[in-house]
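A short reminder: the numbers here are calculations on the coordinates, not readings from a lab. Keep in mind that what you see is a predicted model, and the values were worked out from it rather than measured. Here the Cβ positions follow ideal geometry from the backbone for every residue, glycine too, while neighbour counts run over all protein chains shown.
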Amino acid sequence: MFKRQIDLRSEPVKRAIALGESTTWGYSVSAKEKCWVNQVVRMLEEFQGRPVELINQGIGSNVITAECPAYDQSGKPSALERVDAHVIAHNPDLVFLSYGLNDSRGGTAPETFRRAYQQLIDRIRQAGHRTNTNPLIVIVNCYYMHEICYRIYEPWINSNYDVTDVFNLVIRQLAEANNLILADVYSAEVGVDWVIDEDHCHPNDLGHRLIANRVFEAIVRNCSFTASTMPKQTLIQDFVKKYGNGPDRA
């Protein structure tokens, strides 16, 4: 069914902050520039025609709230404990949020997760209103990993694929209720075992590319600033003059 997209942002972004966990930070890429966050920012720079300052605030084993039963074994501080210093203090106009997988594996109840995530969104939004930056928020759902990782790493054994589906539903509902951009990376990764690192948990270089493409697509579908460098007139005549009308010769 046809639906014309609403433009959530027409002005290019200047500063992006990624708040999340190990995959946000870049586990298990071969070089930092292959992290999905870095790749998304490069694509944004290319198509908006302006540089973007990136501050990656990912922390391995991070969770959204200290209410997570696995908090003591998590990478600290939690998102709610650090949002002021790691996000709001930098006054970003683009924020990536990536939580859910560690929270579910660590035993956080879905409604506790929902409440904590709503608090996180509210605090970022309220700060943005005060400074008149009103940051664009992109929320990423749970990443795919192999089922063995749901069973072997204490205390991160409280989830499975069904629970992941529940958390992804909560994330979708939060995105809809708060008018956020949802990047459904799980549906791009799920079941594609060759995009997961040999640790069975984190995406490899190919997996990070897949995630980056899905996040970039979500932003493009909702924000016209991504077309800032697109010409205002057709290039068909120039193209045909330079390359002809096809095909390549054998």
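Per-structure values
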| read-out | value |
| --- | --- |
| Region 225-250: number of residues that are closer than 21 Å to P51 by Cα and of a type in the set (A, V, I, L, M, F, W, C) | 3 |
| Qualifying residues in region 64-100 (those that are out of contact with any Lys or Arg (no Cβ under 9 Å at 6 or more places or on another chain) and hydrophobic (A, V, I, L, M, F, W, C)) - the one farthest from T164 (Cα to Cα) | A89 |
| Residues (crowded, with 24+ Cβ neighbours inside 10 Å, touching a residue at least 60 places away in the same chain (Cβ under 8 Å) and over 13 Å from the mean Cα position of the chain (by Cα)) located in region 97-115 | N102, D103, S104 |
| Region 32-51, residues that are in contact with a strand residue (DSSP E or B) (Cβ under 9 Å, 6 or more places away or on another chain) and either in a loop (DSSP other than H, G, I, E, B) or hydrophobic (A, V, I, L, M, F, W, C) (or both) | C35, W36, V37, V40, V41, L44 |
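Residue by residue, here is whether (1) farther than 23 Å from R4 by Cα; (2) assigned to a helix (DSSP H, G or I) holds:
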position	(1), (2)
W194	yes, yes
L206	yes, yes
N213	no, yes
P231	no, no
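One line per residue, one yes/no per condition, for (1) within 17 Å of A218 (Cβ to Cβ); (2) surrounded by fewer than 19 Cβ atoms within 10 Å (Cβ to Cβ); (3) touching a strand residue (DSSP E or B) at 6+ places or on another chain (Cβ under 8 Å):
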| residue | (1), (2), (3) |
| --- | --- |
| E21 | no, no, yes |
| G26 | no, no, yes |
| S30 | no, yes, no |
| E53 | no, yes, yes |
| G75 | no, yes, no |
| V95 | yes, no, yes |
